[in-house]
Amino acid sequence: MFYRRAAAFFSVATLLSQTQVLSAPLPPVVAVKSSPAPVPASAEKLSVAHQQYGQLPVSFEPNVGQAPAAVRFLARTGGYRVALLPTEALFAFQSATPGLTKDKGKIQPSRLRPKTNTKTALVQMQLLGANSQAQLAGIDALPGKVNYLKGNDPSQWHTDVATYARVESKGVYPGVDLIYHSEHGQLEYDFVVAPKADPSRIRLRFSGAQRVFIDKQGGLVVNSEAGQIRQLPPVINEYGSGSKRQLQGRYVQLDAQTVGFAVQGRRQDRTLIIDPVLSYSTYLGGDSDEYGYAVAVDGGGNAYVTGQTASTNFPSISGSLQTQSSGGIDTYVAKLNAAGTALVYSTYLGGGNADYGRSIAVDNAGNAYVTGFTNSTNFPTTPGALQTQSISGGFYFDAFVAKLNAAGAALVYSTYLGGRYDEFNYDVAVDDAGNAYVTGYTSSDNFPTTPGALQAQSAGSYDTYVAKLNASGTALVYSTYLGGENGDYGKSLVVDSAGNAYVTGYTDAIDFPTTPDAPQTQLSGDLDVFVSKLNASGTALVYSTYLGGGNTDYGNGIAVDSAGNAYATGYTYSSNFPTTPGARQTKLGGTTDVFVSKLNAAGTALVYSTYLGGSGTDYGSTIVLDGAGNAFVIGETYSTNFPLVNPIYFSPDTANDNIFVSKLNPTGSALAFSTLLKGGGNDVGYGLTVDGAGNAYATGFTASADFPATPGAPQGTRKGNLDAFITKINPSTPLVNSFSPASGSVGTAITLTGTGFSKTSYVYFANGKKAPFTIVSDTQLVVTVPTGATTAKIDVYVPFGKAQSPTAFTVTP
């Protein structure tokens with residue numbers, strides 16, 4: 001299990017789109033190209049898994065001041081950083097041994113958090129005897145841009161940095177060009193050798209390596225402190241006169257650290273392209289641990305992600321290449337296109353110390369609102385913002401609220417929000433007018449509040465706060481404490497169309513403010529969930545209630561539907577947590593269970609309330625709604641029998657945490673679907689959102705080397721100790737109304753009628769025999785009776801769902 005407050009992050013440095021290696025026609029050439037890098041087999045049933053953004057291909061950005069002057073271009077992948085110079089490439093690798101350590105405390109319940117043992121290595125690939133005057137140039141500009149918003153001095157920011165699919169160096173040797181590019185998410189470098197030019201002049205020296213050798217399979221192996229790097233044996237193709245011919249070729253060891261190439265059977269009137277691929281037999285991180293904490297989606301299906309990273313800016317090269325960071329931990333903001341194939345923008349956001357991104361929202365214009373907390377005294381702020389300096393002076397944490405423009409290239413505003421002690425901001429929402437609403441908790445007795453606010457003074461050691469900023473970020477529309485005499489911890493909020501704010505979290509205060517007709521007006525256990533609704537002016541409670549049983553209960557997420565009903569989730573240790581008749585699960589199943597509770601619009605009664613869990617420990621993180629009132633919940637489970645309905649994965653990894661995504665019907669009486677998302681390691685689901693079409697977008701972080709990706713996704717291995725994931729799920733399930741004929745022998749074509757067939761992944765007879773099929777339309781599917789089939793119902797699988805025929809098909813001899 002992971003410690004919930006350990007930050008999550010998604011890679012922020014690569015902006016890419018899939019491109020061809022060589023986009024223009026070539027003269028007659030001989031191409032030397034390595035074999036594809038081997039990857040572990042994907043987990044079973046990936047064909048029905050989910051649409052995952054996965055790992056994006058590598059892009060290249062010119063050095064405009066974000067790296068030392070000698071560097072011409074930079075590239076970053078999940079496993080290493082690259083600096084390109086005229087006659088050398090510098091690779092910074094990092095490996096980490098995953099581990100977990102226990103963390104305890106009241107503010108955060110006892111959880112296991114990641115423990116990282118990290119090694120970093122620099123490998124310098126020098127082109128011996130190369131032309132030092134060779135010029136590097138970016139080729140094939142990509143739509144994505146990179147922004148570095150570091151510190152509070154805008155003159156030091158680097159914005160709108162271009163990205164390229166390839167970098168080319170002409171004449172690096174006589175008649176030899178060098179091209180760096182990406183293939184399937186891996187860095188490749190091609191040597192293009194012109195007719196009559198000599199490929200034996202190419203000599204690669206690997207400095208900083210412990211050992212360089214050619215293995216029995218002909219691959220080039222470079223051992224470093226951070227692990228083993230392997231370049232697969234070269235595959236050589238000769239192009240010319242519209243044809244291609246494969247040649248024999250190999251690496252040649254010239255000395256302990258230097259290799260070259262040997263090619264057999266080459267025609268001198270044709271050109272060689274030598275194309276090694278970097279692959280690894282060790283886990284390699286990006287810069288450090290990366291996490292994803294929150295995700296939002298706009299009307300066009302673009303996904304916006306935020307979290308935190310320990311990744312660094314590219315380091316100096318005075319003697320060695322090291323992983324460094326301007327602030328140890330930085331917030332990031334990334335926007336992915338609707339297809340999940342490229343980043344539209346990606347930016348760091350932080351100062352000189354630690355900056356933790358926790359939540360993101362997006363308005364109708366595509367502006368992104370990001371919040372979290374920081375102890376950087378130079379966190380980037382904008383002139384005229386509400387609070388441009390840290391009142392705590394960096395000795396404590398301050399909340400921050402930042403609004404990025406639609407291009408991700410500039411801050412519309414950015415402000416601190418805090419008093420003399422700690423503020424931890426956990427959620428942000430935005431209304432149609434562009435006002436931002438935030439919540440979290442504070443230990444400051446001078447947190448900024450507004451005249452007439454609900455609660456102007458602090459009441460306990462930690463109080464929840466709710467604040468509304470105007471659209472320009474220059475002033476508070478309202479700001480209020482919310483709490484009693486002990487600790488009150490705001491974790492999530494949402495805003496309805498009338499501007500009312502709904503907040504949830506947890507409290508151990510016996511005098512937390514409640515309203516007379518609330519379902520629960522007294523504290524029941526050590527900690528209880530609270531659900532509070534503030535009016536649009538922030539001056540009064542519409543309702544406020546405890547929600548809990550006799551033990552400990554934590555509220556983590558809240559949502560609201562168009563009728564004003566509020567939905568809350570989190571997790572509970574209480575065997576008497578309030579449930580309702582007919583609910584999906586009315587008894588505690590394990591040590592902790594997720595809860596899902598729906599309050600009526602008046603806040604006077606529970607519409608439904610249910611446990612959700614198995615016999616182990618289960619934790620709910622985020623809840624969102626679709627237009628039909630179905631509640632989607634994400635979290636993590638350590639139960640071997642977590643309730644599953646039409647799942648992707650039928651059984652959990654019993655030694656580790658697994659992510660769950662569950663969809664509860666509008667009455668709370670049944671699961672529409674419920675599945676695990678998992679690999680072989682610990683996996684944590686944290687952020688979730690749903691678009692207008694009912695697609696769910698999930699984020700979190702994983703220590704699994706085999707976290708699932710759909711077929712064709714360029715992700716074979718984990719690239720860091722902890723990596724973020726972004727997953728897009730289409731939860732729609734098909735429906736089989738009828739089929740014809742009712743019986744037949746092996747080879748008979750059966751026509752199924754119904755709905756949702758257009759995304760059929762496979763078809764099985766219920767006795768386990770897989771059947772060939774043809775998609776005629778979304779409402780018609782033709783299935784062929786397979787060999788070995790017996791009389792049984794027919795199961796139709798789509799990504800994230802399954803339908804079964806209402807009756808059995810009779811198989812005749």
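Some notes on this structure:
- Counting Lys and Arg as +1 and Asp and Glu as -1 over every other residue whose Cβ lies under 14 Å from the Cβ of ASN302, the net charge comes to -1.
- When peptides 449-461, 740-752 are sorted by average Cβ neighbour count within 10 Å, with the highest value leading, the order is 449-461, 740-752.
- Entries of LYS468/LYS678; LYS678/LYS793; LYS587/LYS759; LYS728/LYS769; LYS150/LYS663 with Cα pairs more than 31 Å apart: LYS468/LYS678; LYS587/LYS759; LYS150/LYS663
- Kirkwood Rh, Cα atoms: Rg over Rh of the stretch 735-811: 0.91
- Burial order of peptide ranges 429-440, 545-556 (average beta-carbon count within 10 Å, highest first): 545-556, 429-440
- In Å, descending, principal axis extents of the Cα set of the stretch 494-685: 50, 36, 29
- Sparsely packed chymotrypsin sites (Phe, Trp or Tyr not before Pro) within the stretch 382-416, loop by DSSP, other Cβ within 10 Å at most 12: PHE395
- Qualifying trypsin sites (Lys or Arg not before Pro) for the stretch 489-592 [loop in DSSP, other Cβ within 10 Å: at most 15]: LYS587
- Highest average first, the peptides 373-383, 514-524, 120-130 ordered by how many other beta carbon atoms sit within 10 Å of their residues are 373-383, 120-130, 514-524.
- Ellipsoid semi-axes for the stretch 351-409, based on the Cα gyration tensor and the rule √(5λ), read 22, 12, 9 Å when sorted largest first.
- Comparing Cα centroids, the stretch 592-650 and the stretch 127-149 end up 49 angstrom apart.
- Cα shape, the stretch 130-218, gyration tensor, a/c 1.5 rule: prolate
- Here the 3J(HN,Hα) profile of the stretch 772-779, calculated from phi with Karplus coefficients 6.51, -1.76 and 1.60 at θ = phi - 60°, is x, 8, 10, 7, 7, 6, 5, 10 Hz, Gly and Pro shown as x.
- Proximal aspartates and glutamates relative to LYS598, as straight alpha-carbon distance under 17 Å, when same-chain residues fewer than 8 apart are discounted: ASP496, ASP517, ASP528, ASP553, ASP561, ASP626
None of the figures in this text is laboratory data; all of them are computed from the coordinates on show. Keep in mind the model is a prediction, meaning the values are calculated, not measured. Glycine also receives a Cβ, built like all others from the backbone with ideal geometry; neighbour counts cover every protein chain displayed.
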